[in-house]
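Structure first, commentary second.
The values are calculated or read from the model by the stated rules, or taken from the named source; none is laboratory data. From a predicted model like this one, the values you see are computed outputs, not experimental measurements. Cβ placement follows ideal geometry from the backbone for every residue including glycine, while neighbour counts extend to all protein chains displayed. Accessible surface areas use protein heavy atoms only, side chains included; no ligands, DNA or RNA. Shrake-Rupley method; radii C 1.70, N 1.55, O 1.52, S 1.80 Å.
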Amino acid sequence: AQSVTQPDIHITVSEGASLELRCNYSYGATPYLFWYVQSPGQGLQLLLKYFSGDTLVQGIKGFEAEFKRSQSSFNLRKPSVHWSDAAEYFCAVGATSGTYKYIFGTGTRLKVLA
Amino acid sequence: GAGVSQTPSNKVTEKGKYVELRCDPISGHTALYWYRQSLGQGPEFLIYFQGTGAADDSGLPNDRFFAVRPEGSVSTLKIQRTERGDSAVYLCASSPHGAGGQDTQYFGPGTRLTVL
């Protein structure tokens with residue numbers, strides 16, 4: 001069965017510091033992978049997605065993520081965090097066949113210190 | 001253009017009551033999804049529509065939950081005999097084609113349902 005694990009429930013970083021949010025997935029083949037961000041009272045906003053090809057994908061707001069098949073991971077990174085990045089981040093897997101639902105991780109809440 | 005909209009933004013009801021939650025997808029999107037997000041959790045899939053038909057309703061927790069999309073646009077999620085455990089944020093998403101996992105889903109702001 002498909003699953004997504006985000007091992008870190010909370011992460012706190014200082015403004016200007018680098019960030020890496022972890023995501024591991026379980027799937028029988030190479031899945032479609034997504035990172036979404038959710039700010040309080042807001043809907044989920046797509047940051048980036050991976051379908052195939054280059055394993056390093058660039059997204060909005062200066063985020064990037066790297067797909068590593070050998071580690072079943074799709075970690076999200078940002079070189080320098082801004083206070084406005086404080087939010088909850090969700091990794092999701094989309095099936096490559098059959099049902100079209102996404103499977104989400106439980107999320108990582110990011111706090112940014114001034 | 002306009003994104004996915006959901007009404008109401010908040011709904012408070014009493015145990016045992018019936019509620020309807022509405023979703024207006026992005027114009028022209030053929031696929032529509034409902035998810036439920038409980039406190040401290042990621043969204044969980046409920047049901048997926050391709051056009052007017054429910055292509056996958058495997059996530060509906062029980063027969064108290066039902067959803068329709070009669071004209072292939074607006075969708076309504078209906079919950080009968082609400083229970084306190086139904087309290088959550090209900091998210092709606094739409095995508096242009098529903099063509100497998102490659103089709104990016106665009107989410108609405110959600111409806112926060114509180115069952116007293």
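One table, with the values for the structure above:
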| item | result |
| --- | --- |
| Hey, residue B:84 within 14 Å of chain A (Cβ to nearest Cβ), closer than 30 Å to residue A:10 by Cβ, touching a residue at least 12 places away in the same chain (Cβ under 8 Å) and open to solvent by 30 Å² or more (accessible area, probe 1.4 Å) or not | no |
| Number of the exception - residue B:78 against (1) open to solvent by less than 40 Å² (accessible area, probe 1.4 Å); (2) basic (Lys, Arg); (3) out of contact with any Ser or Thr (no Cβ under 9 Å at 6 or more places or on another chain) | (1) |
| Pairs with Cβ under 6 Å, 6+ apart, first in segment A:46-63 and closer than 12 Å to residue A:74 by Cα, second surrounded by fewer than 17 Cβ atoms within 10 Å (Cβ to Cβ) | A:51/B:102; A:55/A:66; A:56/A:66 |
| Matching entry among B:42, B:59 (being open to solvent by 20 Å² or more (accessible area, probe 1.4 Å), within 11 Å of chain A (Cβ to nearest Cβ) and part of a loop (DSSP other than H, G, I, E, B)) | B:59 |
| Selection within segment B:10-36 - open to solvent by 80 Å² or more (accessible area, probe 1.4 Å) and either within 10 Å of another protein chain (Cβ to nearest Cβ) or within 22 Å of residue B:81 (Cα to Cα) (or both) | B:10, B:12, B:14, B:15, B:17, B:18, B:20, B:22 |
| Number of positions in segment A:48-104 that are among the aromatic types (Phe, Trp, Tyr), more than 13 Å from chain B (Cβ to nearest Cβ) and surrounded by 17 or more Cβ atoms within 10 Å (Cβ to Cβ) | 3 |
| Positions within segment A:105-114 being at the interface with another protein chain (Cβ under 10 Å from one of its Cβ atoms) and more than 14 Å from residue A:37 (Cβ to Cβ), in sequence order | A:106 |
